[in-house]
1. Taking H as built 1.01 Å from N, whose amide H comes closer than 5 Å to the amide H of A:Leu87, not counting residues under 5 places away?
2. Can you give the average number of partner chain beta-carbon atoms within 10 Å of each beta-carbon in peptide A:81-91, as a whole number?
3. Any idea how far apart B:Thr174 and A:Arg238 come out in nm if each label point goes 7 Å out from Cα toward Cβ?
4. Could you state, as a whole-number percent, how many of the C-alpha pairs of segment A:163-267 are farther apart than 19 Å?
5. In whole Å, how far is the Cα centre of segment B:56-80 from that of segment A:98-115?
6. What FRET efficiency do you get for A:Glu101 and B:Arg142 if R0 is 45 Å and r is their Cβ-Cβ distance, rounded to the nearest 0.05?
7. Can you sort B:Met190, B:Met49, A:Met163 so the residue with the fewest Cβ neighbours within 10 Å comes first?
8. Pulled fully out, how much extra length does the chain show between A:Arg62 and A:Arg83, if you take 0.36 nm times their separation in residues and subtract their Cα-Cα distance?
Amino acid sequence: MNEGPRDLHDDRVATLLREATEKMSPRGYPARLVERALVTSTDRFVVVGSPLGKLYVGAGPRGVRLVRRGGSAEEFAREYRRRFGRLLAQSDDARTCKLAEEVARAFAGEKAQVPLDLSETTPFQRRVLEVVGSIPRGEVRPYLWVAREAGSAGASRAVGTVMANNPVPLLVPCHRVVRNDGTTGGYAFGAEQKVRLLELEGVPTKEIARTPYLATPTTGIVCHATCRNARRIRPENRQHFRTAADAVEAGYRPCEVCRPVTIRDAG
Amino acid sequence: MGMETEPETARAAAVPDSLAGRLADGDPKAPKALVERHHAEIYRYALAMLRDPTAAEDAVQSSFERAFGALGRYPEERLRNLALRAWLYRITLNVVRNLIRDGRREVAVAEIPEGPSARSRTTSSPEDHSEVWLDAVAALGRLSERQRVAVALRYLADLPYAEIAEVTGWPENTAKTLVRRGVGRLRALMLVNDDREDA
């Protein structure tokens, strides 16, 4: 049946070796070893539901590296391989299931432990993404604030570019970064989705557009309109401002919690 | 088990592998399919060469680690045209050779007479002349490394000579000669063993 020398087919030694092949086949443990070979040398692929529908999530050993919406699983895995040089594999081992659960919780806005691996980003991108990660649910911040907090005051446009290329949307909530005038602006998944997400998180998007700063004479402090301190201001005391600089000129001092940028942005 | 996959084996060298296509396309189920399809035979080869189940498991693990690492980095077209089985064996051969060259495994080879009984716990059924095939594997351990590789690839991995040549880089005729001499030596070694049993 094979192309080996004829005399070997009847050879007892060859027969014994074939028999040995049968006996040495691992029977009891393949499932465990298959998982082991897979989990240590490929990256994890999961599909998770979110307010934006189902999202593809790719994670390496150190954390989530890519989140995408739409297209096929294959397209997602190809993009992942091109970006990170790693194969994505579906698996149902305990670690992968745990990851899917935590990511689902994070997408739903609940407390969750989702490690991120942003090692393929530049130091500036990473600083920006870290700052954005600190914006609480239900609040928004303008680009100029993110730039200043990331140590690059005035780099609003560069921040916009980082947001547009955010590898892990929702997990780094770039939808909470709005234009400097308080309007919601663009979003990788569509501007209308950004509004929907923010409303879902309790942000009054219409109210803050054009006047993203709030001050009150009772304390003499100016805040971002969604800052938890600003939300406590009584309606009759609310003073609306287009910029924090305007409020400072009117005699207010910036909130120490949300730290509004009081210098006029050049960018 | 090895016999069942034989028809596929014969084709593997010539025809592009559909699993290679799935890997190139990004099918997230393809990596697991690759492990499931080749894990057992890679293990058998490693066990025959190293004759230590733990070392063989480690060799399988390292082989797949290297394989997946490379598969992540190869350009899409290279992935698509990869003859996966022969390519995997090439990686395993290197992994196993390095383990042997590390010297740790060579010690075991020198202690063959005790080998079979020590390993017999790897088989669950001790009946049906199980010692005889264990003798064959133990004797395999006494061949030169080249002969051992050739015989294991031919009779344990069931590779045709063309693929053995591709995997090892030897000319096909060299592979044939090594297998013939290896099997001849095995026969001689096992006859010696038989004589001892009779005595």
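1. A:Asp43, B:Gly72
2. Mean inter-chain Cβ contacts per residue within 10 Å come to 6.
3. My value for the distance between the label points is 8.3 nm.
4. 45 percent
5. One Cα centre to the other: 31 Å.
6. That gives a FRET efficiency of 0.25.
7. B:Met190, A:Met163, B:Met49
8. Extra length from A:Arg62 to A:Arg83 when fully extended: 6.0 nm.
Values in this text are rule-based calculations from the coordinates and carry no lab data. Only a predicted model underlies this, so the values are computations on that prediction, with no experimental measurement involved. No Cβ is skipped: glycine too gets one built from the backbone with ideal geometry, and neighbour counts run over all protein chains shown.
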